[in-house]
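Here is the structure we will look at, set down as C-alpha cells.
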Amino acid sequence: MPSARILSSLHEISPTAWDALAGEHNPFVEHAFLSTLEDSGSVGRGSAWIPQHLTIWEGDRLLSAAPAYLRGDSYGEYIFDWGWAEAAHRAGIRYYPKISLAIPFTPATGPRLMGEGSLLLPLLNQLATEQKVSGSHILFLSEEEEALTTAAGWMPRASLQFHWRSRGWANFDAFLADLTRKRRHEIQRERRKVREAGVEVRVLTGAEMEPEDWALLRECYRSTIAKMGAIPYLKDRFFALLPDRLGHRVVAAIATHNGRRIAATLNYWKGAHLYGRYWGCLEEVPGLHFECCYYSLLEWGIPRGITLFEAGAQGEHKLSRGFLPTLTRSAHRLRNPGLHNAVGQFLIEERARVTSGIATYMEDSPFKEPG
C-alpha cells in the first residue's frame with residue numbers, strides 16, 4: 001500500500017527521485033531551485049515559508065510529490081487573499097497559519113500535484129487537520145490539476161496574466177511581421193532608441209556569463225527592491241549559490257553602456273519554456289526595460305524553439321508587445337464552512353470578471369486579423 005511522508009526539507013529526498021516527476025518545461029518545481037531557496041535562507045526557519053513537502057511512496061518508489069509550505073502570511077504568493085484574511089479576522093476566525101502548494105515568490109504556472117496527483121489531496125487534507133490551519137491553497141496549477149481539484153470539492157479561482165506563445169515563427173522578424181503595422185513600428189521605434197543611446201544588450205546563458213554578470217543580477221535585484229520599497233524575498237546567499245546550483249537554467253539579458261554594465265534581467269529556461277523573473281537597472285535609458293525584458297529575449301528564444309514565454313505576473317503593457325491575456329488558476333479549500341461558502345460565491349463572480357476582461361483585451365490584440 002502507498003505510504004505518505006511529509007518532508008521538512010528537500011534534502012530529505014534525492015534530486016533524482018523528485019525531478020523524475022517534475023516534467024519537461026518548468027524549472028521551478030525542480031529539486032535544485034527549491035533546495036536553493038532553502039539553503040539560502042530565503043525560505044525555512046526565520047521566514048513565513050516553512051517547508052512541508054508532500055510525498056507518496058510505494059516502497060522506495062516515489063509516486064507523487066508536491067512543494068508545500070506552512071504559511072504565516074500571504075506575501076510572495078501573487079494570488080491575493082488579503083481580503084479573505086481580513087474577513088476571517090472580522091468574524092473571529094484565525095486565518096494564519098495556512099498551507100500553500102506553491103513556488104515561493106514565483107507566479108509561474110506549472111505542476112503542483114506531481115505524479116499521481118489524486119493521491120496527494122487526502123494527504124493535504126490530513127496535514128491541514130493536523131496543523132489546525134484555516135485552509136489549503138494550490139497556486140498557479142495546471143488546467144488538468146484544476147479539473148482534478150474541482151472534482152474533489154476545491155474552489156477554483158481564475159486570475160489573469162499576459163503570456164507570449166509561439167505561432168511557429170522562425171525568428172523575431174517573422175513574429176514582428178504578424179503584428180499590426182502600428183504595433184510593429186512601436187516595437188521597432190523602442191528598440192531603435194536603445195541602440196541610439198549607445199546601449200548594447202546581450203543574452204547569455206549561465207555557462208556564458210562572467211562573474212561580473214552574476215554580480216550584476218544581485219545588484220539589479222537589490223536596486224529594484226529599493227526603488228519599489230518591496231520586500232527582498234531572495235537573500236544574498238541565493239545569488240551566491242545561483243551560478244553553481246542553477247546556472248544551467250539561467251538566461252540573462254545584460255545591458256552595457258560605455259563599457260559599464262547598467263541593467264539586467266534574470267530568467268529561467270527549461271525545455272521549450274522561458275520565464276522572466278527579475279529586472280533592474282543602474283542607469284535609466286528610454287525603452288531599456290522593454291528591450292531587456294521582452295525583445296532581446298524573444299529574439300534569442302524564438303530560433304531556439306521557445307513556445308511559451310511568461311514574463312512575470314503583471315503588466316497589461318505586455319499586450320501591445322505580443323503577450324496575450326491568459327487565464328491562470330488556483331484552487332482553495334477553507335476549513336470554516338461559512339468562510340468557505342462566502343469565498344466560493346466571490347470566486348464565481350470574480351471568474352466572470354476575469355473572463356470578460358480577457359475578451360475585452362483580445363479586442364485590442366496586437367496581431368493582424370487572419371486572412
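The values are calculated or read from the model by the stated rules, or taken from the named source; none is laboratory data. As the structure is a computational prediction, the values presented were derived from the model and not from experiment. Note that we place each Cβ from the backbone using ideal geometry, even for glycine, and neighbour counts take in every protein chain shown.
So if I check each of 37, 70, which one is of a type outside the set (D, E, K, R), part of a helix (DSSP H, G or I) and touching a residue at least 60 places away in the same chain (Cβ under 8 Å)?
37
Which members of segment 98-117 meet the condition of being more than 16 Å from the chain's Cα centre (by Cα) and free of Cβ contacts under 8 Å to residues at least 40 places away in the same chain?
Once the filter is applied, which keeps residues that are more than 16 Å from the chain's Cα centre (by Cα) and free of Cβ contacts under 8 Å to residues at least 40 places away in the same chain, segment 98-117 yields only 98.
Which of the residues that make up segment 18-55 are closer than 16 Å to residue 116 by Cβ, in contact with a Ser or Thr (Cβ under 9 Å, 6 or more places away or on another chain) and crowded, with 23+ Cβ neighbours inside 10 Å?
Within segment 18-55, 18, 54, 55 qualify.
Test residue 231 against the stated conditions and say whether it is surrounded by fewer than 19 Cβ atoms within 10 Å (Cβ to Cβ), in the same structural domain as residue 278 (by TED's automatic domain parsing), touching a residue at least 60 places away in the same chain (Cβ under 8 Å) and β-branched (Val, Ile, Thr).
yes
Please work out if residue 270 is within 27 Å of residue 167 (Cα to Cα), in contact with an Asp or Glu (Cβ under 9 Å, 6 or more places away or on another chain), surrounded by 15 or more Cβ atoms within 10 Å (Cβ to Cβ) and not assigned by TED's automatic domain parsing to the domain that holds residue 100.
yes
Would you mind telling me which numbered condition in (1) over 26 Å from residue 161 (Cβ atoms); (2) among the basic types (Lys, Arg); (3) touching a Gly at 6+ places or on another chain (Cβ under 8 Å); (4) crowded, with 18+ Cβ neighbours inside 10 Å residue 277 fails?
(1)
For residue 108, indicate whether it is buried (at least 17 other Cβ atoms within 10 Å of the Cβ), at pLDDT 95 or above and not in a loop (DSSP other than H, G, I, E, B).
Numbers: buried (at least 17 other Cβ atoms within 10 Å of the Cβ): yes; at pLDDT 95 or above: yes; not in a loop (DSSP other than H, G, I, E, B): no.
Here the answer is no, as residue 108 does not meet what is asked.
Under the condition of being part of a helix (DSSP H, G or I) and small (Gly, Ala, Ser), which residue from segment 169-226 is surrounded by the most Cβ atoms within 10 Å (Cβ to Cβ)?
Filtering segment 169-226 for residues part of a helix (DSSP H, G or I) gives 172-177, 181-196, 206-208, 211-226.
Filter again for small (Gly, Ala, Ser), leaving 174, 177, 206-207, 215, 223, 226.
Working: 174: 12, 177: 11, 206: 19, 207: 9, 215: 14, 223: 17, 226: 11.
The qualifying residue surrounded by the most Cβ atoms within 10 Å (Cβ to Cβ) is 206.
Tell me, which strands (runs of 3 or more DSSP E) wholly within segment 237-286 include 2 or more residues that are among the aliphatic types (A, V, I, L, M) and more than 18 Å from residue 193 (Cα to Cα)?
Those strands (runs of 3 or more DSSP E) span 250-257.
Could you list all residues from segment 337-371 that are among the acidic types (Asp, Glu) and outside any helix (DSSP H, G or I)?
363, 364, 369
Each row is one residue, and each column tells you yes or no for (1) at negative phi; (2) of a type outside the set (D, E, K, R); (3) touching a Leu at 6+ places or on another chain (Cβ under 7 Å).
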| site | (1), (2), (3) |
| --- | --- |
| 119 | yes, yes, yes |
| 123 | yes, yes, yes |
| 129 | yes, yes, no |
| 180 | yes, yes, no |
| 183 | yes, no, no |
